[in-house]
Amino acid sequence: MITRKKYWYHIIAIFTVIVWGTTFVSTKILIGYGLSPVEIFLYRFVLAYIGIWFFCPRTLFANSKKDELLCVAAGLTGGALYFVFENTALGITLASNVSLIVCTSPIFTALLTFLFYKKEPLRPRLITGSLVALVGMALVVFNGSFILRINPLGDMLTVLAALSWAFYGIILKQLNGKYSTLFITRKVFFYGIITMLPFSLMDSATFTPSLLINPVIASNLIFLGLIASLLCFIAWNSAVKELGVVQTSNYIYFVPLVTLLTSAIVIDEHITIVALFGSVFILLGVYVAENGFKLKFKPG
C-alpha cells in the first residue's frame, strides 16, 4: 500500500509539470490580448488565493515568527522573484537561453539539498540522469536551431530564476514537517502577491477590469489561476512532501517537452527530428535519476 501511494505522488508530479508545460501557450495568448506579465501573475495568484480559502484551514499565522518568515521566503522565491527574474530575462536575452537555464533548477536543487542536508548525498545516478536530461532538454528547447547568443545580464537573471525555484523547494522542506500542504500553499499565494506588489509599481500594467469580460481572457485566467496555480501548487507541494524535493524536481525536465508538443498543436510550431531525440534523452535521464534513489518502505 505504501509503495502504491508513492507511485501516486509520482503521477501527481507528472500531471503538474504537464499542466505547467501548457501555461506557456495560455500566457502567450493573454499577452497578445494586451495583459502584461505582472498583471497575469497577480490575476492568477489572487484567483488562486481566493479559491484556496474555500477548503483551507482558517489558521492565519504560522506557529512561530521564524516559520512565518519561511512562508514569506517561500512566496518570494516561488512566486515574485522567480517570475520577475524569468520574464525580465526574456526581454533581454533569447527565449532558448532562458528555457535552457531555468530548467537547470533540479541540478541546483540537488546541490543545495546536499549543502544544507548532508544526510542526502549526491548519488552518481542522480548526477548522470540530470546531465542526460539536461542534454535532452537543450535539444527540445533549441528544436533544431542551434543559435546560442551570450547575454551576461539576461543569462544571469535566468540563473537567479532557477536558483529561486531551487530555494523554494528547500524552504518547502523546512515547512512540510510542521504544517499541512494547504496551509503552506495558501501562504505561498498570499506572500507571492504581497512581494509582487512593489514590482507592479515599476511595471507598465494598466489593470483594465473591462478586459476580463472577454471570454478568451477570462477562460485563460481561470485556467492559470485555478488549475495551473491553485491545483498544481497544491499537487506539487504534496509531491515534494512525500517524495522529497530532489526527486520531485527532476520532473521539471518534462516542462519544455510538454511546451514543445502543446505549441505544435495549438499554435502550429514546427517539431524537428532533433527535438524528438531530445524527448528521448529527457525520458532516459529522468529514468536514470529516479533509479538513483533508494526508497525505503516499511513492510505492511
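Screening the range 166-181 for residues that are assigned to a helix (DSSP H, G or I), open to solvent by 30 Å² or more (accessible area, probe 1.4 Å) and modelled with pLDDT under 90 and picking the one that is farthest from S238 (Cα to Cα) gives Q174. Determine, yes or no, whether L131 is farther than 30 Å from L226 by Cβ, open to solvent by 70 Å² or more (accessible area, probe 1.4 Å) and at pLDDT 75 or above. Answer is yes for this residue. Open to solvent by 60 Å² or more (accessible area, probe 1.4 Å) and either under 23 Å from L257 (Cα atoms) or in contact with a Ser or Thr (Cβ under 7 Å, 6 or more places away or on another chain) (or both): does that describe I52? No: the conditions fail for I52.
Close Cβ contacts (under 7 Å, 6 or more residues apart or on different chains) running from residues in the range 174-185 that are within 15 Å of V245 (Cβ to Cβ) to residues that are at pLDDT below 90 and open to solvent by 40 Å² or more (accessible area, probe 1.4 Å) comprise N176/K241; T181/K241.
Return a yes/no flag: does the range 140-161 have any residue that is modelled with pLDDT of 85 or more and either part of a helix (DSSP H, G or I) or open to solvent by 30 Å² or more (accessible area, probe 1.4 Å) (or both). Yes: the range 140-161 contains one or more residues that are modelled with pLDDT of 85 or more and either part of a helix (DSSP H, G or I) or open to solvent by 30 Å² or more (accessible area, probe 1.4 Å) (or both). Under the condition of being open to solvent by less than 50 Å² (accessible area, probe 1.4 Å) and part of a helix (DSSP H, G or I), the residues counted in the range 13-46 number 20.
For the residues P215, P198, the requirement of being open to solvent by 50 Å² or more (accessible area, probe 1.4 Å), out of contact with any helix residue (DSSP H, G or I) (no Cβ under 7 Å at 6 or more places or on another chain), over 19 Å from V84 (Cβ atoms) and not hydroxyl-bearing (S, T, Y) singles out P215.
For the structure I just gave you, tell me whether F61 is assigned to a loop (DSSP other than H, G, I, E, B), free of Cβ contacts under 8 Å to residues at least 12 places away in the same chain and either touching a His at 6+ places or on another chain (Cβ under 7 Å) or hydrophobic (A, V, I, L, M, F, W, C) (or both). Against the criterion (assigned to a loop (DSSP other than H, G, I, E, B), free of Cβ contacts under 8 Å to residues at least 12 places away in the same chain and either touching a His at 6+ places or on another chain (Cβ under 7 Å) or hydrophobic (A, V, I, L, M, F, W, C) (or both)), F61 qualifies. Checking the structure you have, find out if any residue of the range 262-275 is surrounded by fewer than 23 Cβ atoms within 10 Å (Cβ to Cβ), modelled with pLDDT under 70 and under 19 Å from the mean Cα position of the chain (by Cα). Looking through the range 262-275, at least one residue is surrounded by fewer than 23 Cβ atoms within 10 Å (Cβ to Cβ), modelled with pLDDT under 70 and under 19 Å from the mean Cα position of the chain (by Cα). Note on the range 240-252: residues that are over 13 Å from the mean Cα position of the chain (by Cα) and in a helix (DSSP H, G or I) total 5. A residue that is in contact with a helix residue (DSSP H, G or I) (Cβ under 7 Å, 6 or more places away or on another chain) and at pLDDT below 85 cannot be found anywhere in the range 64-81.
Exactly one residue out of N220, N237 is closer than 19 Å to P37 by Cβ, buried (at least 20 other Cβ atoms within 10 Å of the Cβ) and at pLDDT 70 or above: that is N220. Of the residues in the range 21-43, not one is closer than 23 Å to F183 by Cα and among the β-branched types (V, I, T).
The values are calculated or read from the model by the stated rules, or taken from the named source; none is laboratory data. The shown structure was predicted, so the numbers you read here are calculated from the model rather than taken from an experiment. We place every Cβ from the backbone using ideal geometry, glycine too, and count neighbours over all the protein chains shown. Ligands, DNA and RNA are excluded from the accessible area calculation, which covers all protein heavy atoms including side chains. Shrake-Rupley method; radii C 1.70, N 1.55, O 1.52, S 1.80 Å.
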